[in-house]
Amino acid sequence: MRPILSAKGRLNYSLAKWRDEKLKALSANNHIISDVFQFDEEIRDLDFNQTDILVSHDVSALFT
């Protein structure tokens, strides 16, 4: 995560800093794929059934 603009010294700065610490822990796990090359490596070894559904959430699309 990255700040869009500096809010240091503002009213909600401490809350935002605390929230950032908590959310960073959620983004560092074995279920996060950071780029298409890593995705390609991960998906090559999987066996899919016809009833399986693959879902991808592109978070960068939220920041247009």
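Values as computed for the structure displayed
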read-out: Considering residues of the stretch 25-37 that are open to solvent by 100 Å² or more (accessible area, probe 1.4 Å) and assigned to a helix (DSSP H, G or I) only, the residue modelled with the highest pLDDT; value: Phe37
read-out: Test for Asp20: is it surrounded by 10 or more Cβ atoms within 10 Å (Cβ to Cβ) and modelled with pLDDT of 85 or more; value: no
read-out: Checking Ile43 against (1) in a loop (DSSP other than H, G, I, E, B); (2) open to solvent by less than 100 Å² (accessible area, probe 1.4 Å); (3) among the β-branched types (Val, Ile, Thr); (4) at pLDDT 80 or above, the condition it does not meet; value: (1)
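The values are calculated or read from the model by the stated rules, or taken from the named source; none is laboratory data. These numbers come from a predicted model, not from an experiment. Don't worry about glycine lacking a Cβ; one is built from the backbone with ideal geometry, like all the others, and counts go over all protein chains shown. Keep in mind that these areas ignore ligands, DNA and RNA; they rest on the heavy atoms of the full protein, side chains included. Shrake-Rupley method; radii C 1.70, N 1.55, O 1.52, S 1.80 Å.
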